[in-house]
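Here the structure comes first, spelled out in structure tokens, and everything after it is commentary.
Read the figures in this text as sums done on the coordinates, not as results from a lab. Worth saying up front: this structure is predicted, and the values here are computed from it rather than measured. Using ideal geometry, Cβ is built from the backbone for each residue, glycine included, and neighbour counts are taken over all protein chains shown.
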């Protein structure tokens, strides 16, 4: 048996990602489109594939439909074959009445039957929420070399962000000697990336010994470091938790720059282009005479007649004459009418913007969103899926246009900064 | 209820060695030549078949068919994978005694009649894999059934002064604009008197075809549908009908015609509308589905062009078609050109009216093709796997053979030259 056949991967894809606001209204965070043609989970799935691992369980919970459609048979990531496979593992009722996953460890505990039916030596647990490239095989080798029970992937993060993470203090040999979950007063800048390698027997024992605890970072790791072999696998490189609108926007913009360290194609990240259900393939992007595009990423199927600067366009976006798109992320099949201006905005799929409308008007440091002040405060305006904006409408900064809004949803032709429609 | 078992079997003639398209067919059949910024010529008939609901298909190929076999893959790209759906590639095989290679398009079908009989279709739709067009074959088949024809040929009216290049039919007015009985047929006549050109899309009654193929194999010394089979059908008093088509038909025998068909993809209302035609390709081939979106630099200028994912444009691109994997570096200008997969155009190089095959790397400050000074220039074609050194100068109307060594580019290559 090949070495890799003995490793099972559990991908936790149930995250709500509520700070992504309207982008997660109809889909889980891992299914949020990213970088033109990808979804966030493509990065984790491709890392698994490129590491030579091919037995995968994807644990879903929140709004899994678009995620399930996206995964399909798994053949986009080469997970089909006699010894390969990707299985969707939704919560099931059974032992108790309410069996929703209550945390990372609880989700794994509820799938012990899946773990037992796929005999493995190690289990890799990771989340589908992050943008990065990592060789999980290298981490597995590290885990074996150290004869660890658990290995946690960790990286240095800026001090001001450390309070969001599980943190560890590591000795000279890489052993984790102290652990603090989301510390208020941090003593280290080494953060857990939520990627674990467990010896399978050890994990099963751990879950059998403690039937109450629900979270790895919060409950199991702190206990494990006291008595068992817990090591930190050091990661260096680009890694982003795109869990906020600002972080999501920044990571998209990073792809536009050559020196930012993120490059999906070089990383071998695979999208699933078959999942859109179209009968034709997207033709090449079409640039009409008189168009102007700089510093941007444009996907196949786009038709550009206007101007696009510093923006990321998903497939099938149409930009009309004299329209201008700047510093924005436009998802699949949006139609941007003639003379429209879009500045610092994120448009979800199939948004239609009527002639001469403006999205993102005024000073960028305008009033923050009143309903979601913690989501929108940097000037970005969000337009939800399939919203139809009437001609000549003006939308200010930090605004939210809810999914499915129709021209009738707008009482006036002006949506002021910080408003929600 | 739709019957699961298909009534029509389609056979695509995809692999004859044709002396067309210059060096672009040096290593591949014409049907596998890239077209449309991401696809291949054969994707047009394959997509037509898919949209026509004809999903039991055989591809007859013999000339350097590797890239074609690779391209077709499992057939899943065109939904042709299932119990009653499939693409079978039929290369020549041993066992016929007289000649194991296909001696012509008709011989290719003749040698595979057992395959056709196995499927036992009501009609055999035989079509060329070499042309660019969008057609609902079901309309042709409906007409064929209505007329109880032995053979129905799709025909397009061409100007009388170009009719000598085609097999042409004289069609009567039996059904007006829809079609009529073929009363005469001439293959590439020197003095044409009628001008309904055969598009090499032929719907046969299998029995009538088998009869005529057997005579052809026994008695003739050439084995082509146009030259032999259609005349024999008429001669044998079979019911032969012409189905009149009036859409776009890209019949590209020369590099200039090929270039023009590419230019027909451009503009606000292009003659070839990939989206409207619903063209599908095999995105697995060359892994183009893994290409990231087109990346456009801060100083780039792109006008009236088609560019697929997986490219990077930092220079200027005008009226051009660019396939995945291209990199147009800073200061470079690409005009009126077609760049196949994985072309690199170096800094400050200038490319005018060039068709460049796959894996061509152009160095810095290179000039290929004279600039258009109001006098229309002819196309320069660059064969695959060439490395054009810095500061090379190549004129218009040149042919650069595939995989040349660097010393071939040491002197300026004047317009009209052929470098091999």
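See the values below:
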| read-out | value |
| --- | --- |
| Cα-based shape type of segment A:5-145, given that a ≥ b ≥ c are square roots of the gyration tensor eigenvalues and the cut on a/c is 1.5 | oblate |
| Cα extents of segment B:135-209 along the three principal axes, largest first (Å) | 33, 26, 23 |
| Degrees separating the helix B:206-219 axis from the principal Cα axis of chain B, which is the longest one | 80 |
| Hydrodynamic radius of chain A per Kirkwood, over alpha carbon pairs, in Å | 22.7 |
| Debye log10 I(q)/I(0) for segment B:195-295, one point scatterer per Cα, at q = 0.11, 0.16 Å⁻¹ | -0.61, -0.93 |
| Segment A:379-421 versus segment A:329-346: alpha-carbon centroid distance in Å | 12 |
| Mean ellipticity per residue at 222 nm, deg cm²/dmol - from DSSP H runs of n ≥ 4 across the protein assembly as shown, formula -39500 (n - 2.57) | -4500 deg cm²/dmol |
| Point-to-point label distance, residue A:246-residue B:406, nm (Cα→Cβ direction, 7 Å offset) | 5.3 |
| Residue-averaged beta-carbon neighbours from other chains (10 angstrom radius) around A:73-86 | 0 |
| Inter-centroid distance (Cα atoms) of segment B:262-319 relative to segment B:227-254, Å | 35 |
| Other protein chain Cβ atoms within 10 Å, averaged over every residue that makes up B:271-277 | 3 |
| Share of alpha-carbon pairs per 20 Å distance bin for the protein assembly as shown, given as whole % | 14, 38, 34, 12, 1 |
| Average beta carbon contacts from partner chains per residue of A:257-269, 10 Å cutoff | 2 |
| For peptides A:7-16, A:240-249, B:317-326, sequence by mean Cβ density within 10 Å, most packed first | B:317-326, A:7-16, A:240-249 |
| Neighbour-count ranking [beta-carbon atoms within 10 angstrom, fewest first] of B:110, A:372 | A:372, B:110 |
| Nearest-ten-degree value, helix A:245-256 long axis tilted from longest Cα axis of chain A | 80 |
| Distance cut-off 14 Å, percentage of C-alpha pairs in segment A:110-197 lying past it | 69 |
| Kirkwood hydrodynamic radius of segment A:280-415, Cα pairs, Å | 14.6 |
| Dmax and Rg, reported as Rg then Dmax, of segment B:291-419 (C-alpha, Å) | 13.3, 39 |
| Rg/Rh (Cα only; Kirkwood hydrodynamic radius) as it applies to segment B:32-88 | 0.95 |
| Sequence of A:44, B:198 once ranked by neighbouring C-beta atoms within 10 Å, starting from the fewest | B:198, A:44 |
| Range of Cα positions in segment B:8-263 per principal axis (Å), largest first | 43, 43, 35 |
| Fraction of alpha-carbon pairs over 16 Å apart in segment A:148-198 - percent | 33 |
| Convex hull projection area averaged over all views, segment A:1-70, Cα basis, nm² | 5.0 |
| Segment B:155-214 and segment A:118-191: distance between their alpha carbon centers, rounded to Å | 73 |
